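In what follows, a structure is listed as structure tokens, so that the remarks can point back to it.
The values are calculated or read from the model by the stated rules, or taken from the named source; none is laboratory data. What you see is a predicted model, and the numbers here were worked out from it, not measured in a lab. Every residue, glycine as well, gets a Cβ built from its backbone with ideal geometry; the counts of neighbours run over all protein chains shown. Each accessible area value is taken on the protein alone, full model and side chains, heavy atoms only, with ligands, DNA and RNA left out. Shrake-Rupley method; radii C 1.70, N 1.55, O 1.52, S 1.80 Å.
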Amino acid sequence: QVQLVESGGDLVQPGGSLRLSCAASATIFSIYDTGWYRQAPGNERELVAVITSGGSFNYAESVKGRFTISRDNAKKSVYLQMNSLKPEDTAVYYCNLAFRVRNYWGQGTQVTVSS
């Protein structure tokens with residue numbers, strides 16, 4: 001069983017920045033595709049960004065040019081740098097690891113963008 005621990009969520013003003021981190025307990029982290037998802041109240045969970053084990057990227061249209069996903073296999077960690085934050089980015093952000101039928105989620109970290 002893989003455990004994921006997210007951190008970095010906070011209250012930030014519009015236009016501000018945050019960096020989310022996710023540390024995994026996976027024995028072989030590098031084989032996993034890693035991603036960030038978010039869920040706002042009343043909405044379904046949605047993809048924010050993914051970086052695959054092979055280094056390919058995928059971003060939601062709404063965050064392209066503002067968010068950057070990265071990973072450090074040696075530290076078994078994945079990060080999400082969020083710039084130019086908007087109120088509509090407010091949500092609980094979840095870290096995800098996926099490999100074939102294995103799919104793991106963190107507990108989530110709250111990001112609130114408000115003045």
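Miscellaneous remarks
- Per-selection Kirkwood Rh - region 35-97 (Cα, Å, 1 d.p.): 12.2
- Inter-label distance, Ser56 to Ile28: 2.0 nm, where each label sits 7 Å from its Cα along the C-beta direction.
- Computed from point charges on the beta carbon alone (+1 for Lys and Arg, -1 for Asp and Glu), the dipole magnitude for the chain about its Cα centre is near 300 Debye.
- All Cα pairs of region 72-115, percent lying beyond 12 Å: 72
- Each other residue within a Cβ distance under 13 Å of Asn103 adds +1 if Lys or Arg and -1 if Asp or Glu, for a net charge of +2.
- Based on protein heavy atoms only, region 29-115 ends up with 52 Å² per residue of surface accessible to a 1.4 Å probe.
- Split the accessible area of the chain by element, probe 1.4 Å, and carbon with sulfur accounts for 46%.
- Straight-line cross-link reach from Lys76 at under 17 Å between alpha-carbon atoms covers these aspartates and glutamates, not counting any fewer than eight positions away in the same chain: Glu6, Asp33.
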